[in-house]
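Peer 1: The structure under discussion is supplied below as structure tokens; questions concerning it will follow.
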Amino acid sequence: MLLRDVGYARPGTTDEALALLAEDEGARPLAGGQTLINVMKARAAAPDVLVDLSGIDELKGIELGSDGTLEIGPMTTTSELIASQEARARPILAEVCSQIADVQVRNRGTVGGNICSSDPTNHLPPLMVAIGAEMTIAGPSGQRKVPAREFFLGVYATAVGPDELLTKLTVPPGRSDGFASVAVGRDGTCIVNAAASANGELRVVLGCVGAVPEVVRPDSADPDVVRKAVRAASLDPPSDVHASSDYRRALAEVVAARAATQAAERTGG
Ligand SMILES: Cc1cc2nc3c(=O)[nH]c(=O)nc-3n(C[C@H](O)[C@H](O)[C@H](O)COP(=O)(O)OP(=O)(O)OC[C@H]3O[C@@H](n4cnc5c(N)ncnc54)[C@H](O)[C@@H]3O)c2cc1C
């Protein structure tokens, strides 16, 4: 389907992009366009102006600090993250990005776009919560930092306001992480996924079982303990064409236990 008429701007700096967003209530940031252009084609969104972030170098790239902290520009594509030497400091990042859809989607889709779309079936929202990432958001009144667990507010809703931009993801050091999912076919959408981090206290975060990532804190990575903790969380997952609510609830226990086991087996965090 053809797009309806839409304005287009390609600023060169974050400040210019913020000014464009402030100028027009109907302006929307455009990252890789993998989601936004499709929802525009489906007439589910109709921005007046697309503010293309692809010309803003300060929103791209990955830096590794001397303490092992990673700073990831939101316009980094998932393919660039997979190829990044720096990102190897937190190996789970590239491992999970490699599981996203296919190479075409990974070449265009950005890390920032993946989390800002807050699609409950995406891979990165539960991962970011599990590994304790922090998001930097810039807007007319300056910058603020939001922990990943407070960033996702609902389906397609995040802490980033309409006149704001996600400008950085900060990922602390750690190696004891895990991820498990059951998807629709090899490259397909996740039916349920789970990310776990055992760098210090064990944290397991489930995706696809609610509007936002669901945090579970089992006392240990023992599979029975993890499964019990998931059961105690009284999840109420949606039913759809791919899986019933009951099936998702059962799968949640399985993927949570797998992710926690993987995280606990990887020492050195
Ligand atoms: C066929 C297909 C299969 C896919 N399968 C998977 C999958 O299995 N797992 C998975 O995790 N993902 C999957 N995706 C999603 C994909 O990986 C992208 O992450 C996603 O489409 C959005 O990234 P994008 O860079 O294209 O963002 P866009 O589509 O450009 O933007 C998405 C949203 O985020 C907003 N936005 C983007 N960047 C910023 C920013 N810096 N600040 C504020 N707002 C911003 C935009 O305004 C828009 O609302 C799939 C996509 C497609 C098309």
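Peer 1: Looking only at residues that are open to solvent by 30 Å² or more (accessible area, probe 1.4 Å), within 15 Å of the ligand (Cβ to nearest atom) and touching a residue at least 40 places away in the same chain (Cβ under 8 Å) in segment 58-81, which one is nearest to Pro173 (Cα to Cα)?
Peer 2: For segment 58-81, the residue satisfying everything is Glu71.
Peer 1: Give me the pairs: first residue in segment 82-111 and without any contact (Cβ under 8 Å) to a residue 60 or more places away in the chain, second residue of a type in the set (Asp, Glu), beta-carbon distance under 8 Å, and six or more apart or on different chains, which are they?
Peer 2: Glu86/Glu63
Peer 1: Say whether the condition of being of a type outside the set (Gly, Ala, Ser) and touching a Pro at 6+ places or on another chain (Cβ under 7 Å) is met by at least one residue in segment 214-223.
Peer 2: no
Peer 1: Still on this structure, please answer the following. Considering every residue within segment 116-123, establish whether at least one is within 14 Å of Thr35 (Cβ to Cβ) and assigned to a helix (DSSP H, G or I).
Peer 2: yes
Peer 1: Select from segment 160-184 the residues that are open to solvent by 30 Å² or more (accessible area, probe 1.4 Å) and part of a strand (DSSP E or B) and write down the one among them that is farthest from Val204 (Cα to Cα).
Peer 2: Checked segment 160-184; the qualifying residue farthest from Val204 (Cα to Cα) is Lys168.
Peer 1: Same structure again: Can Ile100 be described as more than 18 Å from the chain's Cα centre (by Cα), open to solvent by less than 60 Å² (accessible area, probe 1.4 Å) and near the ligand (Cβ under 10 Å from one of its atoms)?
Peer 2: no
Peer 1: Check off (1) out of contact with any helix residue (DSSP H, G or I) (no Cβ under 7 Å at 6 or more places or on another chain); (2) more than 11 Å from the ligand (Cβ to nearest atom); (3) open to solvent by 50 Å² or more (accessible area, probe 1.4 Å) for Asp24 and give me the number that stays unchecked.
Peer 2: Unmet condition: (3).
The values are calculated or read from the model by the stated rules, or taken from the named source; none is laboratory data. All values reported here derive from a predicted model rather than from experimental measurement. Note: ideal-geometry Cβ built from the backbone for every residue, glycine included; neighbour counts use all protein chains shown. Ligands, DNA and RNA are excluded from the accessible area calculation, which covers all protein heavy atoms including side chains. Shrake-Rupley method; radii C 1.70, N 1.55, O 1.52, S 1.80 Å.
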